[in-house]
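Trainee: Structure in structure tokens, see below.
The values are calculated or read from the model by the stated rules, or taken from the named source; none is laboratory data. Note that the coordinates shown come from a computational prediction; the quantities given were computed from them, not determined experimentally. In this analysis, Cβ positions are derived from the backbone assuming ideal geometry, glycine residues included, and neighbour counts consider all displayed protein chains.
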Amino acid sequence: MLKRYRNLGLSILVILLGIFAIYLVSGVRPDVMLRSIVTSAFGSIYGLSETLTKAIPLMLCGLGLSLSFRSSVWNIGAEGQLLMGAVGATWIVLYVMPNAPKLVLIPIMFLVGAICGGIWALIPAILKVKFNLNEIIVSLMLNYIAIEFVNYLVYGPWKSPYEWGFPYSTKFPTSAQLPRILDTRIHYPTLILALILAIIIYIILYKSKLGYEIRVIGDNIDAARYAGLDIHRIILLVFLLSGGLAGLAGVGEVAGIHHRLRVASGISSGYGYTAVIVAWLGCLDPLLIILVSFLFGGLLVGGDAIQVSLGLPGATINFINSLILIFVLVQGFSNARIPSIRKRKSER
Amino acid sequence: MLEFKGVFLVMEKILQMKGITKRFGNITANDRIDFELNRGEIHGLLGENGAGKTTLMNILYGLYTPDEGEIYIDDARVDIRSPYDAIRLGISMVHQNFKLIQSHTVVENVALGLKGLSFFYPNRYIEKKIRAFSERYNFRIDPNTPVWQLSAGEKQRVEIIKAFCREARIFILDEPTTMLTPSETKELFRLLKLLKEEGISVILIAHKLDEVMEVCDRVTILRGGKRINTVDIDSIDKDELARMMFGQDIVLEGREEYSVSFDESVVLEVRDLTIFNDKGLPAVKEVSFDIHRGEILGIAGVSGNGQRELIEAITGLRKVVRGSIRILGEDVTNMGAKEILNKRVAHIPEERMRMGIVPSMSLEENIILRSYDKAPFSSGLLLDYSVISEYAKELISKYRISALDEKVPAGTLSGGNIQKLILARELSISPVLIIASHPTQGLDVRSTQQIHELLLRKKEEGCAILLVSEDLQELIDLSDRIAVMFNGTIRGIIDIDRANIEEIGSLMVGV
């Protein structure tokens with residue numbers, strides 16, 4: 001366990017190294033860049049509020065992915081599932097019950113968003129269970145389909161006649177807009193939902209039958225088979241939950257921030273991908289994922305800030321993110337391999 | 001140089017380990033152990049699981065560095081930091097699980113990591129060397145066979161050839177006979193004795209007293225991380241060795257007399273069973289047998305003759321192609337693992353680490369692996385961990401599992417305790433049928449004995465037991481009848497009171 005937490009510390013070191021590498025290329029001094037990232041993300045009320053805003057979808061997606069990674073099935077499709085959640089919510093608001101009162105409409109938006117995200121996640125799960133297709137590839141590819149589907153909607157059938165030709169859907173009525181804290185963009189209902197879900201997932205993982213099954217499958221699928229677990233049912237369930245959580249994040253983005261469906265890149269700045277890193281750095285632990293989401297929210301905010309203040313390209317922060325991801329993957333592999341050797345020794 | 005000195009140096013000390021201490025956390029695995037090895041001797045290293053044998057040898061092979069102590073080779077102090085250092089010093093280890101590359105040929109495996117080969121056609125030289133080696137020691141091995149086609153015994157020979165080609169002077173063999181048939185064991189011992197005559201020293205990590213008595217010149221006994229004694233094999237008998245190993249007398253005889261005793265009522269009825277292996281080829285062909293109440297049916301046979309597939313089919317882990325399986329008269333053919341379990345069939349799986357436990361999960365969570373979804377462990381969607389802990393504590397003390405507490409990860413237990421954990425779990429479902437696959441493989445004498453007692457008690461309570469083992473002694477000690485499997489068929493079922501080893505042995509190799 002200690003070793004897993006060590007990864008968190010080491011990846012902060014990697015961020016620092018990444019920043020140093022950027023210095024070598026761009027000439028922006030590391031301390032300046034670092035201060036710029038930290039102060040913009042955490043140094044002011046505005047910065048903190050933006051950081052928290054961006055942390056919300058990361059939390060929800062990260063929590064969902066952690067369930068999947070725990071059971072050693074690899075849902076890489078949180079991005080697409082988030083977008084499908086956004087599509088589902090938009091559909092409800094604009095085309096199903098535009099006149100419903102707020103207290104009815106918002107819960108239904110979340111519910112339908114979760115269902116849409118869940119169904120999108122079920123596609124790779126069903127293909128895996130039925131035909132043994134690789135879920136990593138299928139879920140990843142489905143991201144691109146979801147992205148293009150959203151773009152098709154906002155350029156095509158759902159394009160609003162009132163937005164001067166922008167690729168937007170019609171704006172949501174106020175009954176479909178999530179309340180925010182003061183004049184920040186923190187749509188707190190989603191935040192509260194994420195925090196409650198973190199606790200629920202913690203309970204699921206460590207106190208429930210399903211969590212027990214997830215951990216057995218994740219750690220030793222042969223033992224799961226031997227114990228007679230219904231592995232297919234559990235994998236489907238895990239993907240459904242995992243996609244459902246990402247779907248909730250999508251609802252939060254359209255109902256809390258944009259108040260309309262926009263092009264995919266406008267709704268999500270890669271939250272579904274960043275959440276992969278968040279889940280791993282959070283050691284697949286629900287409570288730690290909340291914390292790590294906040295840090296990565298800050299990194300996204302800081303990334304935007306250094307574009308403006310230091311004139312660095314937008315890819316800079318992607319560069320640092322990717323470094324961390326590679327690092328996490330390498331760690332994941334070495335951690336996975338070393339115990340397997342130890343296991344065989346302790347057999348004797 | 002050494003060749004000339006010959007007989008005069010028979011008693012020359014090739015290796016001395018002095019005051020070796022190794023701690024893992026609070027546990028002292030090796031406590032000031034002294035160990036000496038002469039040139040040209042076979043030196044047994046005897047002790048229970050957890051006595052510190054493997055740790056000591058891992059130190060010698062450079063896998064662990066000792067906390068204290070010194071190692072001398074040819075009277076020169078050496079510092080062994082890695083297996084590479086060990087190999088350079090002429091120390092070679094033949095592991096229990098062979099570390100060979102399955103898809104490569106024998107030659108390629110031997111060549112791997114060998115220094116000083118010519119750039120072009122390096123295999124030619126090795127092939128010559130292997131052929132010379134097999135002629136000299138009179139055993140057959142085709143250098144160009146891929147390793148996956150070899151039997152366990154042959155793989156072991158490849159490991160020995162590897163050691164030989166590296167010009168090792170000290171061979172460490174870690175429980176070399178676990179995977180071998182009796183004839184392969186005999187062959188191995190013959191080879192070891194020949195190597196010994198050439199001045200090679202062998203350290204044999206062993207459990208089985210018979211084997212130690214047969215092949216070793218001297219034996220060092222470890223117990224609880226300490227060296228108890230080093231003795232000449234001629235000056236000691238088995239009982240005394242056992243006393244030193246365990247610090248108390250244990251009975252070495254099996255059951256006083258071998259007799260067949262069981263009820264008439266059939267528990268497991270297998271008829272004309274045909275099962276395919278993973279490659280889709282028939283692994284079990286038209287097999288039929290019955291097991292009665294209170295009967296232990298032993299299945300003898302070299303592994304890979306269909307035993308695994310047979311067991312997987314009976315326990316619901318593999319599809320039956322033709323034929324039927326009935327438990328207490330009820331047709332259970334092709335039911336799932338959970339349904340079979342619900343018929344009160346206990347399954348002690350072959351590879352306990354791979355299948356029997358979830359290593360990273362706690363002992364208590366492993367105890368409920370097969371019953372987590374039943375009352376009283378779960379209610380609704382949640383598990384009741386206080387009930388689970390209580391239950392785990394109860395089983396830990398009942399089955400004398402030695403563990404710090406019920407929260408430690410199961411993977412940290414020793415092999416014997418893991419097996420006891422599995423037995424505790426499986427026997428607590430009050431089974432009518434127990435499927436036990438290699439239940440004592442790789443375990444020390446005491447754990448083995450405890451497991452045998454448990455199985456015999458269950459037999460007396462009326463359980464039917466299917467026991468698959470490669471240990472003939474075990475089969476003879478426990479079984480009422482022995483079925484010999486060869487090439488997917490049962491070559492004969494022998495009542496134990498009429499059994500003899502030669503007959504079983506020849507059935508096993510298909511004569």
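Trainee: Assuming B:Ile80 fulfils every condition listed in (1) more than 14 Å from chain A (Cβ to nearest Cβ); (2) under 30 Å from B:Gln149 (Cβ atoms); (3) in a loop (DSSP other than H, G, I, E, B) apart from one, which condition is it?
Mentor: If we test B:Ile80 against (1) more than 14 Å from chain A (Cβ to nearest Cβ); (2) under 30 Å from B:Gln149 (Cβ atoms); (3) in a loop (DSSP other than H, G, I, E, B), just (2) comes out false.
Trainee: Mind telling me which of the residues A:Ser66, A:Ser72, A:Ser11 ends up being more than 15 Å from A:Leu248 (Cβ to Cβ), assigned to a helix (DSSP H, G or I) and not hydrophobic (A, V, I, L, M, F, W, C)?
Mentor: Being more than 15 Å from A:Leu248 (Cβ to Cβ), assigned to a helix (DSSP H, G or I) and not hydrophobic (A, V, I, L, M, F, W, C) holds for just one of A:Ser66, A:Ser72, A:Ser11, which is A:Ser11.
Trainee: Could I ask something else about it? Just wondering, is there one or more residues in the stretch A:68-82 that are on the phi > 0 side of the Ramachandran plot, surrounded by fewer than 20 Cβ atoms within 10 Å (Cβ to Cβ) and under 18 Å from the mean Cα position of the chain (by Cα)?
Mentor: So far as the stretch A:68-82 goes, yes, one or more of its residues are on the phi > 0 side of the Ramachandran plot, surrounded by fewer than 20 Cβ atoms within 10 Å (Cβ to Cβ) and under 18 Å from the mean Cα position of the chain (by Cα).
Trainee: Okay, moving on. Would you check which residues across the stretch B:341-376 are crowded, with 22+ Cβ neighbours inside 10 Å, more than 9 Å from every other protein chain (Cβ to nearest Cβ) and more than 25 Å from B:Cys463 (Cα to Cα) and list them?
Mentor: B:Leu363, B:Glu364
Every residue, every condition in (1) closer than 25 Å to B:Lys238 by Cα; (2) surrounded by fewer than 24 Cβ atoms within 10 Å (Cβ to Cβ); (3) in the same structural domain as B:Val332 (by TED's automatic domain parsing); (4) hydrophobic (A, V, I, L, M, F, W, C), yes or no:
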position	(1), (2), (3), (4)
B:Gly415	yes, yes, no, no
B:Leu423	no, no, no, yes
B:Gly442	yes, yes, yes, no
B:Thr448	yes, yes, yes, no
B:Ile465	no, no, yes, yes
B:Ile476	yes, yes, yes, yes
B:Ser479	yes, no, yes, no
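Trainee: Separate question: State yes or no: is A:Pro157 part of a loop (DSSP other than H, G, I, E, B), away from chain B (no Cβ under 11 Å), farther than 28 Å from A:Tyr273 by Cβ and free of Cβ contacts under 8 Å to residues at least 40 places away in the same chain?
Mentor: Spelling it out, it is not the case that A:Pro157 is part of a loop (DSSP other than H, G, I, E, B), away from chain B (no Cβ under 11 Å), farther than 28 Å from A:Tyr273 by Cβ and free of Cβ contacts under 8 Å to residues at least 40 places away in the same chain.
Trainee: Right, here's the next one. Restricting attention to the stretch A:185-201, does a residue exist that is at the interface with chain B (Cβ under 7 Å from one of its Cβ atoms), surrounded by fewer than 22 Cβ atoms within 10 Å (Cβ to Cβ), over 23 Å from B:Ile348 (Cα atoms) and at pLDDT below 95?
Mentor: no
Trainee: Here's a follow-up. Taking the options B:Glu167, B:Glu175, B:Glu184, name whichever one is within 14 Å of chain A (Cβ to nearest Cβ) and either closer than 24 Å to B:Gln441 by Cβ or touching a residue at least 60 places away in the same chain (Cβ under 8 Å) (or both).
Mentor: Going through B:Glu167, B:Glu175, B:Glu184 in turn, just one is within 14 Å of chain A (Cβ to nearest Cβ) and either closer than 24 Å to B:Gln441 by Cβ or touching a residue at least 60 places away in the same chain (Cβ under 8 Å) (or both): B:Glu175.
Trainee: Another question, then. Give all pairs with beta carbons closer than 9 Å in which a residue from the stretch B:127-152 that is within 23 Å of B:Gly301 (Cα to Cα) meets a residue that is of a type in the set (Phe, Trp, Tyr) and assigned to a loop (DSSP other than H, G, I, E, B); count only pairs at least 6 apart in sequence or on separate chains.
Mentor: B:Val147/B:Phe98; B:Ala152/B:Phe98
Trainee: Would you mind stating whether A:Ala176 is touching a Lys or Arg at 6+ places or on another chain (Cβ under 9 Å) and either under 25 Å from A:Ser49 (Cα atoms) or within 14 Å of another protein chain (Cβ to nearest Cβ) (or both)?
Mentor: Yes: the conditions hold for A:Ala176.
Trainee: Shifting gears a bit: Please enumerate the residues belonging to the stretch B:148-200 that are part of a helix (DSSP H, G or I), among the charged types (D, E, K, R) and surrounded by 17 or more Cβ atoms within 10 Å (Cβ to Cβ).
Mentor: Selection gives B:Glu154, B:Lys155, B:Arg157, B:Glu159, B:Lys162, B:Glu184, B:Glu187, B:Lys196.
Trainee: Next question. Quick one: is B:Asp217 of a type in the set (Asp, Glu), in contact with a helix residue (DSSP H, G or I) (Cβ under 7 Å, 6 or more places away or on another chain) and buried (at least 20 other Cβ atoms within 10 Å of the Cβ)?
Mentor: no
Trainee: Still on this structure: What number of residues in the stretch B:115-126 are assigned to a helix (DSSP H, G or I) and either exposed (fewer than 10 other Cβ atoms within 10 Å of the Cβ) or in contact (Cβ under 8 Å) with a residue 24 or more places away in the chain (or both)?
Mentor: 1
Trainee: Among the residues of the stretch B:261-318, which ones are charged (D, E, K, R), touching a residue at least 40 places away in the same chain (Cβ under 8 Å) and under 14 Å from B:Val345 (Cα atoms)?
Mentor: Passing the criteria: B:Glu269, B:Arg293.
Trainee: Right, next: Out of the residues in the stretch B:377-431 that are part of a loop (DSSP other than H, G, I, E, B), over 20 Å from B:Met355 (Cβ atoms) and within 10 Å of chain A (Cβ to nearest Cβ), which is modelled with the lowest pLDDT?
Mentor: B:Gly380
Trainee: Out of (1) of a type outside the set (Phe, Trp, Tyr); (2) within 14 Å of chain B (Cβ to nearest Cβ); (3) assigned to a loop (DSSP other than H, G, I, E, B), what's the single condition that is false for A:Arg260?
Mentor: With respect to (1) of a type outside the set (Phe, Trp, Tyr); (2) within 14 Å of chain B (Cβ to nearest Cβ); (3) assigned to a loop (DSSP other than H, G, I, E, B), A:Arg260 is out only on (2).
Trainee: Looking at the stretch B:83-114 only, could you name the residues that are of a type outside the set (A, V, I, L, M), under 30 Å from B:Glu36 (Cα atoms) and assigned to a helix (DSSP H, G or I)?
Mentor: B:Pro83, B:Tyr84, B:Asp85, B:Arg88
Trainee: If you don't mind, there's one more thing I want to ask. Has the stretch A:268-288 got any residue that is out of contact with any Leu (no Cβ under 9 Å at 6 or more places or on another chain), more than 14 Å from every other protein chain (Cβ to nearest Cβ) and more than 16 Å from A:Leu65 (Cα to Cα)?
Mentor: No.
Trainee: Only one residue in B:Asp217, B:Asp174 is among the charged types (D, E, K, R), touching a strand residue (DSSP E or B) at 6+ places or on another chain (Cβ under 7 Å) and assigned by TED's automatic domain parsing to the domain that holds B:Gly40, so which one is that?
Mentor: Every option except B:Asp217 fails the conditions.
Trainee: Here is a follow-up. Can you tell me which residue in the stretch B:52-77 is nearest to B:Ile203 (Cα to Cα), limited to those that are within 14 Å of another protein chain (Cβ to nearest Cβ) and assigned to a loop (DSSP other than H, G, I, E, B)?
Mentor: Within the stretch B:52-77, the match that is nearest to B:Ile203 (Cα to Cα) is B:Tyr61.
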